[in-house]
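What follows is a set of notes on a single structure, which appears directly below.
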Amino acid sequence: QVQLVELGGGLAQPGGSLRLSCAASGSISGVATMAWYRQAPGKQRDLVARITVGGITNYADSVKGRFTISRDNAGNTVYLQMNSLNSEDTAVYYCGLLRDYRYYWGQGTQVTVSS
């Protein structure tokens with residue numbers, strides 16, 4: 001009953017930037033904790049950034065200072081601004097929404113960093 005639509009993935013050069021967005025819809029009651037995860041080939045899905053209902057953010061050490069997570073006033077859209085991209089950022093990025101003690105996931109969007 002929760003749908004997440006991700007946009008903004010694509011190809012970027014090392015040192016470049018991309019901005020991802022995730023719009024949530026469906027059976028959502030109020031603002032929910034939302035997060036960005038990523039999964040590279042052969043690796044597990046790992047947390048990139050998370051933002052709570054109160055606006056508290058958390059980042060993986062590998063992206064601190066480069067990525068910024070934010071949300072709109074209604075709380076149903078979350079963004080991930082990615083700067084200073086490098087090849088280690090290449091992965092499928094997933095938007096997650098915490099509801100009823102579980103994460104609902106978007107379809108994922110591919111981010112490729114290559115020269």
Using the structure shown, decide if residue 62 is among the polar types (S, T, N, Q) and assigned to a strand (DSSP E or B). no
Could you go through the range 1-15 and let me know if any residue there is over 15 Å from residue 112 (Cβ atoms), under 13 Å from the mean Cα position of the chain (by Cα) and part of a loop (DSSP other than H, G, I, E, B). no
Please specify each residue of the range 57-107 satisfying the condition of being open to solvent by less than 40 Å² (accessible area, probe 1.4 Å), closer than 15 Å to residue 34 by Cβ and out of contact with any Leu (no Cβ under 8 Å at 6 or more places or on another chain). 75, 77, 78, 94
Can we say residue 113 is open to solvent by 70 Å² or more (accessible area, probe 1.4 Å) and among the β-branched types (Val, Ile, Thr)? no
Among (1) in contact with a Cys (Cβ under 9 Å, 6 or more places away or on another chain); (2) open to solvent by less than 70 Å² (accessible area, probe 1.4 Å), where does residue 5 come up short? (2)
Does at least one position in the range 50-58 carry a residue that is in a loop (DSSP other than H, G, I, E, B) and of a type in the set (D, E, K, R)? no
Whether any residue in the range 20-40 is closer than 13 Å to residue 89 by Cβ, in a loop (DSSP other than H, G, I, E, B), touching a residue at least 24 places away in the same chain (Cβ under 8 Å) and open to solvent by 50 Å² or more (accessible area, probe 1.4 Å) is what I want to check. no
Go through the range 71-115 and report how many residues are assigned to a loop (DSSP other than H, G, I, E, B) and acidic (Asp, Glu). 2
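The values are calculated or read from the model by the stated rules, or taken from the named source; none is laboratory data. Here the structure is a predicted model, which means the values were calculated and not measured. All Cβ positions, even for glycine, are placed from backbone atoms using ideal geometry, and neighbour counts span all protein chains on display. To get the accessible areas, we keep the full protein, side chains included, count just its heavy atoms, and leave off ligands, DNA and RNA. Shrake-Rupley method; radii C 1.70, N 1.55, O 1.52, S 1.80 Å.
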